[in-house]
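Single-structure report; data block below.
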Amino acid sequence: MQASPDKPAVPPPVNTALAALPVYQPGRPIEEVARELGLPPDDILKLASNENPLGPSPKALAALQEALSRVNLYPDGNAFYLKQKLAAHLGVQPANLLLGNGSNELIELVGHAYMTHGVEVVVSEFCFAVYPLVTQLFGANLVTVPARHYAHDLGAMQRAITPRTRVVFVANPNNPTGTTVPAAELLRFARAVPPHVLLVVDEAYVEFLDSPPDLLSEVRTGALPNLLLLRTFSKIYGLAGLRLGYGIGVPELIALLEKARQPFNVNALAQAAALAALDDAEHVQRTRENNAQGLRFFEAAFARLGLEFLPSAANFILVRVGDGQRVFEAMQRQGVIVRPMGSYALGEWIRITIGTPPQNERCLRALQTALNQR
Ligand SMILES: *Cc1c(COP(=O)(O)O)cnc(C)c1O
């Protein structure tokens, strides 16, 4: 039958889990907002997706140029060179590493491997939106543990584990709150999670921490076969557009998860750029310094304006502005994209990614203008 405007096309009924699934709401793309406002894309400032405001490493850009002429070839499906280099960088073995099309893909692989009907997945209130989405997609039951002062309550999360629990997610630092759990507490928690439960510690922002918890040594010794660390080239390395994340775990766990991935899930350009980015410690260090300075700038400004905020250990900050959706829209009209938090049940807050000093100043001015329009 033909679809017509008054008679929408009806696809065959989908799996019930998918039918009930909400849609992930990403930060709004610059081009889309530029079109809406009738402004050139260069006039739009996006501080909504925790991207690196300094751009990619120049070394990564040069490697990309060089790799372009070979995109007629399939990538190395096992990413031999990247795994070698990353393993050396981390002090682990290549067999400890699983690469993904962004660490988001790795979260989905965890779903393929461990989530099904009847299984419980434990997360914290205010957790990264992708964990509940993947849990629901696979028809598993989400168990959300109330946060403590907006941060993970590891004691309560431990008590939420039952014989039916198969996965626990902890993001440290957490997105969107920017909170961390003390290193010693996280280590104690990791050792206390029972062997039938996969503990996923998402360390997407770990490079921004001054003294990160040392979970890698638990992987090195093989002490925790149920621990999977997730990291990414999207944040401090500035390669979000290329989609590359990695998991770290014991070889036996990695081998299981490998079975669930597509043979060429990490493209050749991403592999080339990441290899070069790992050589650019200076770019990472500059990013870290810019971020620390930007966090101090926003924290001082919010304190001055009497706005509640959560002290952040990551490259973004959550600030309480009243009606977050209204403030988000009012800032967007000024060409500044931040992230409204309604979908995280934090409707009074917005999340701002730390930019360069001029970007931070422009963002703050837009925020003040938005607040004054109240
Ligand atoms: C940004 C982010 C990721 C990384 O996503 P990629 O798919 O690697 O771009 C993973 N986890 C959290 C908590 C994040 O904020």
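Odds and ends about this structure:
- Scanning segment 38-49 finds no residues that are in contact with a strand residue (DSSP E or B) (Cβ under 8 Å, 6 or more places away or on another chain) and at pLDDT below 95.
- Tally of residues being more than 15 Å from the ligand (Cβ to nearest atom) and either among the small types (G, A, S) or open to solvent by less than 10 Å² (accessible area, probe 1.4 Å) (or both) across segment 200-238: 7
- Test result for K7, outside the structural domain of F208 (by TED's automatic domain parsing) and within 16 Å of the ligand (Cβ to nearest atom): no
- Test result for A63, aliphatic (A, V, I, L, M) and in a helix (DSSP H, G or I): yes
- Exclusive hit being buried (at least 19 other Cβ atoms within 10 Å of the Cβ) and assigned by TED's automatic domain parsing to the domain that holds F169, set L256, L310, L242, L295: L242
- Evaluated against (1) in a strand (DSSP E or B); (2) without any contact (Cβ under 8 Å) to a residue 60 or more places away in the chain; (3) within 10 Å of the ligand (Cβ to nearest atom), G241 falls short on exactly one condition, (1).
- Odd one out for V250 among (1) open to solvent by less than 40 Å² (accessible area, probe 1.4 Å); (2) within 14 Å of the ligand (Cβ to nearest atom); (3) in contact (Cβ under 8 Å) with a residue 60 or more places away in the chain: (2)
- Cβ pairs under 6 Å, 6+ apart, first in segment 34-58 and open to solvent by 30 Å² or more (accessible area, probe 1.4 Å), second among the β-branched types (V, I, T): P41/I30; K46/I30; K46/I337; P53/T356; L54/T287
- Selection of segment 329-365 for residues being part of a helix (DSSP H, G or I), free of Cβ contacts under 8 Å to residues at least 60 places away in the same chain and among the hydrophobic types (A, V, I, L, M, F, W, C) yields A330, M331.
- Strands (runs of 3 or more DSSP E) within segment 107-190 that include 3 or more residues at pLDDT 95 or above and more than 16 Å from the ligand (Cβ to nearest atom): 141-145
- Scope segment 139-158; condition out of contact with any helix residue (DSSP H, G or I) (no Cβ under 7 Å at 6 or more places or on another chain), of a type in the set (A, V, I, L, M, F, W, C) and over 24 Å from G118 (Cβ atoms); matching residues: A147, A151
- Residue in segment 204-212 that is of a type in the set (D, E, K, R), assigned by TED's automatic domain parsing to the domain that holds L256, in a loop (DSSP other than H, G, I, E, B) and modelled with pLDDT under 95 present: yes
- Long-range neighbours under 7 Å by Cβ, at least six apart or interchain, first residue without any contact (Cβ under 8 Å) to a residue 40 or more places away in the chain within segment 160-184, second in a strand (DSSP E or B) and of a type in the set (G, A, S): V181/A151
- Of all the listed residues (L318, L346), the sole one being closer than 22 Å to P53 by Cα and open to solvent by less than 50 Å² (accessible area, probe 1.4 Å) is L318.
The values are calculated or read from the model by the stated rules, or taken from the named source; none is laboratory data. Values in this document were obtained by computation on a predicted structure and should not be read as measured data. A quick note on method: Cβ atoms are made from the backbone with ideal geometry, for glycine too, and the neighbour counts reach across all protein chains shown. Ligands, DNA and RNA are stripped out before the accessible areas are found, and what is left, the full protein with its side chains, is counted by its heavy atoms. Shrake-Rupley method; radii C 1.70, N 1.55, O 1.52, S 1.80 Å.
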